[in-house]
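A.B. asks: This is the structure, below, for whatever I ask next.
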Amino acid sequence: MVSQTQLPPEIQLAQRLAGNEQVTRDRAVRKLRKYIVARTQRATGSFTHDELLKVWKGLFYCMWMQDKPLLQEELGRTISQLVHAFQTTETQHLFLQTFWQTMNREWAGIDRLRLDKFYMLMRMVLNESLKAVRTRGWEEKQVEQLLELLITEILHPSSQAPNGVKSHFIEIFLEELTKVGAKELTADQNLRFIDPFCKIAACTKDSLVLHNIARGIFETIVEQAPFAIEDLMNEMDAQNGEDEASDGDGESLEGSIRRTDLEKGKGTGDDEDSAGPVLQFDYEAVANRLFEVASRQSTPSQNRKRLYKVIQKLQDLAGGTFPEDDIPEKTYRHLLEGRRELKMRRRSLKSRSKNKRRRTGAGEGEEEASSPDLGSGTERKRSRKRVSPTVARAESGGQSGVHKRRKKRPSLKSRK
């Protein structure tokens with residue numbers, strides 16, 4: 001049997017990362033970070049694909065063994081920040097590639113109770129990978145390499161990613177991009193980030209992927225348009241205020257007003273009021289890019305039909321037609337609340353009117369039962385309804401036929 005000292009360091013670290021004791025796992029994570037920094041600083045030393053797969057195997061079960069939400073969040077942040085320990089871009093991308101490959105391979109074995117912490121780990125790794133690109137100034141080459149890696153491992157038709165990984169990645173992509181680069185990225189750069197989703201939406205044969213991209217990427221952009229415009233107007237107002245403000249008192253007054261607005265937003269408990277900056281997009285450019293890929297002959301008909309609906313919404317935004325146009329955010333929220341209150345009032349009025357009708361109907365029945373004339377009339381009506389068809393025929397033939405039948409009975413008695 002091979003002793004532990006003869007094993008490669010990656011396997012030793014993976015075994016300790018998957019240990020039963022939390023102290024052993026924490027020490028292994030710290031040693032792994034030091035080992036990554038020391039090895040990637042060498043000119044010739046670098047990790048191979050298989051070595052990083054072994055490392056991620058240990059990190060996966062390190063997260064698997066961790067209990068308690070706060071400790072899980074701390075461990076997920078520590079693991080995701082390991083990407084910054086790599087000194088070269090190639091090793092960083094290889095580390096991220098092996099992470100998504102590990103998630104694709106191990107996804108089917110994750111039980112329901114452990115699913116949330118791996119959702120969180122995917123979100124944190126994506127966030128740190130975007131931060132790594134930000135540290136290099138959002139270079140076009142770095143952005144293209146990262147997007148190519150993500151699309152190849154997750155959304156490409158030849159990818160082995162399960163539906164859960166695909167859906168969650170599409171759901172969190174714009175959210176994490178907003179957190180990392182909303183203050184810095186321009187509309188052209190944001191279009192470059194969503195361009196791979198345009199291509200996948202046009203060529204995919206998976207209806208679930210098409211729906212998730214249309215809903216999680218493009219329709220989200222449309223829904224965030226009022227907030228993006230509001231953010232842009234606030235920036236313009238802030239710049240104009242800084243240019244015009246000459247007294248420090250005016251600046252302090254403006255700052256106090258903004259603070260009170262933020263406190264009001266926090267007091268209402270609405271996360272959207274304190275969401276911060278929003279990604280800016282050139283809606284006409286996005287619509288043109290979508291139309292370019294959707295109008296190709298190779299695009300399936302269902303994809304083209306779905307994308308044309310999104311293109312129409314984007315063209316409306318580019319033309320100045322916004323959802324609930326010229327209605328501020330708070331006013332729009334109060335308007336929705338007013339509509340809900342009106343609906344509730346109408347329902348309550350309808351229920352009250354029904355109850356009144358039932359009560360009045362019961363009162364009229366009691367009055368009819370108490371009055372003798374009306375009661376006899378109702379009894380006559382009921383007796384008329386119960387008349388047999390033979391009697392009805394006799395009545396239609398005249399009263400003489402009825403009297404003849406009644407006279408035959410005493411004649412028979414007299415014969416006896």
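Just so you know, all these numbers are worked out from the coordinates, no wet-lab data involved. This structure is a prediction, so every number in the text was calculated from the model and none was measured. When we count neighbours, we look across all protein chains shown, and the Cβ atoms used for this are built from the backbone with ideal geometry, even at glycine.
A.B. asks: Tally the residues that are in contact (Cβ under 8 Å) with a residue 60 or more places away in the chain, surrounded by 17 or more Cβ atoms within 10 Å (Cβ to Cβ) and part of a helix (DSSP H, G or I), restricting the search to the stretch 196-212.
C.D. replies: Here the count works out to 4.
A.B. asks: Kindly indicate which of ASP67, ASP50 is under 16 Å from MET120 (Cα atoms) and out of contact with any helix residue (DSSP H, G or I) (no Cβ under 8 Å at 6 or more places or on another chain). I'd like the intermediate steps shown before the answer.
C.D. replies: Values: ASP50 fails: under 16 Å from MET120 (Cα atoms).
From the options ASP67, ASP50, the qualifying one is ASP67.
A.B. asks: Separate question: Out of the stretch 167-221, which residues are under 15 Å from the mean Cα position of the chain (by Cα) and of a type in the set (D, E, K, R)?
C.D. replies: Hits for the stretch 167-221 are GLU171, GLU175, GLU176, ARG215, GLU219.
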